[in-house]
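Heads up, the thing below is written out as structure tokens.
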Amino acid sequence: MKLDAALEARLTQASAMLAECRRQGGALERLPEEARPQSMLEGYEIQRRVHALLGDAPVRHWKTSETGPKGAMTAPIHGSRIFTSPASVARVNALETEIALQLGQDLPFRDGEPYTRDEVLAAVSHYALAFELCASRWLAKDVEVEEKIADCLSNDGLVLGTPVPFTGDILSPVTRLELMHEGKAEPFTPNDIDPAGSLTAYVNAGGDRFGGFKAGDWIITGSMSGVQNAPAPGLWTARWDDRLEISLTITG
């Protein structure tokens, strides 16, 4: 990205403010006007800079959003907030139940040669249930999509369930989801996601500043359960189709 002085100042200020929010677990009303990203590309560049400022390991976990006002989007999940089931986590602002796909081969962006759904499915090696931990760094509700991208689409971490070999396309997964809190069924707003569709939409859009999705990466693909805001402490479990399970204890 070729930068002029004003752009460099904008990206530097935004990245520093977001990195500090993540270190402290805080939030801002939104970025000051002079620091707001002006394009999706700038939002993705801020993601990269925040990741570098946090000193995280190379990105191996992602979230995708198939639809948005400007198309499919992605965000890295920072390594310091990645947990393996059964997990115990103290700080959870909101929780979403998702299906995560692991790649067995790279899926680099192919300009002018979009991937087919079958090609993407053939690249998936394993899948697992996942709890996405969510928290926005913005208190304002009307931020632009570029600021949402800069904030990694409100991701605050990931709990990954036990992976199993991928068995093929997943249609209407929400119909086979059970979500429990302390052993009792937890009501949720069902959302009939399309995991392969979400992954396909992003790899054909591209834009991230980390080099795209690589073999071994895990990608979460959208919430089946809506959002559990301020989830109560205790044991949260989910089961999907008697194949996938996950467990998270929220301690405070």
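The values are calculated or read from the model by the stated rules, or taken from the named source; none is laboratory data. None of the values given here were measured: they were computed from a predicted structure. Here the Cβ is made from the backbone with ideal geometry for all residues, glycine too, and neighbour counts use every protein chain on show.
Among ALA238, ALA215, ALA196, which is farther than 30 Å from PRO32 by Cβ and part of a loop (DSSP other than H, G, I, E, B)?
Values: ALA238 fails: part of a loop (DSSP other than H, G, I, E, B); ALA196 fails: part of a loop (DSSP other than H, G, I, E, B).
Answer to the check: ALA215.
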Among (1) outside any loop (DSSP other than H, G, I, E, B); (2) in contact (Cβ under 8 Å) with a residue 24 or more places away in the chain - the single one PRO114 does not satisfy: (1)
Residue match in the stretch 139-155 (condition: crowded, with 18+ Cβ neighbours inside 10 Å, out of contact with any Phe, Trp or Tyr (no Cβ under 9 Å at 6 or more places or on another chain), in contact (Cβ under 8 Å) with a residue 60 or more places away in the chain and at positive phi): yes
Counted residues, the stretch 74-103 - those being at pLDDT 95 or above and outside any loop (DSSP other than H, G, I, E, B): 19
Whichever residue in the stretch 215-248 is touching a Leu at 6+ places or on another chain (Cβ under 7 Å) and surrounded by fewer than 16 Cβ atoms within 10 Å (Cβ to Cβ) and, among such residues, is farthest from GLU113 (Cα to Cα): GLY216
Conditions (1) out of contact with any helix residue (DSSP H, G or I) (no Cβ under 6 Å at 6 or more places or on another chain); (2) not in a loop (DSSP other than H, G, I, E, B); number of the one not met by THR64: (1)
Those residues of the stretch 215-236 which are over 14 Å from LEU158 (Cα atoms) and among the polar types (S, T, N, Q), in sequence order: SER225, GLN228, ASN229
Residue ID - nearest to HIS78 (Cα to Cα), chosen from residues in the stretch 1-15 that are of a type in the set (Gly, Ala, Ser) and surrounded by 14 or more Cβ atoms within 10 Å (Cβ to Cβ): SER15
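Hey, could you check the stretch 128-151 for residues that are out of contact with any helix residue (DSSP H, G or I) (no Cβ under 8 Å at 6 or more places or on another chain) and assigned to a strand (DSSP E or B) and say which is nearest to SER39 (Cα to Cα)? Working first, answer last.
Start the filter on the stretch 128-151 by keeping residues that are out of contact with any helix residue (DSSP H, G or I) (no Cβ under 8 Å at 6 or more places or on another chain), which leaves 128-132, 139-144.
Now drop any that are not assigned to a strand (DSSP E or B), which leaves 128-132.
Values: ALA128: 33, LEU129: 33, ALA130: 30, PHE131: 29, GLU132: 26 Å.
Here the residue is GLU132.
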When residues of the stretch 184-236 are limited to those that are more than 23 Å from TYR44 (Cβ to Cβ) and of a type in the set (Ser, Thr, Tyr), the one farthest from the chain's Cα centre (by Cα): THR189
Identity of the residue in the stretch 156-176, among the β-branched types (Val, Ile, Thr) and either surrounded by 22 or more Cβ atoms within 10 Å (Cβ to Cβ) or not in a helix (DSSP H, G or I) (or both), that ends up modelled with the lowest pLDDT: THR167
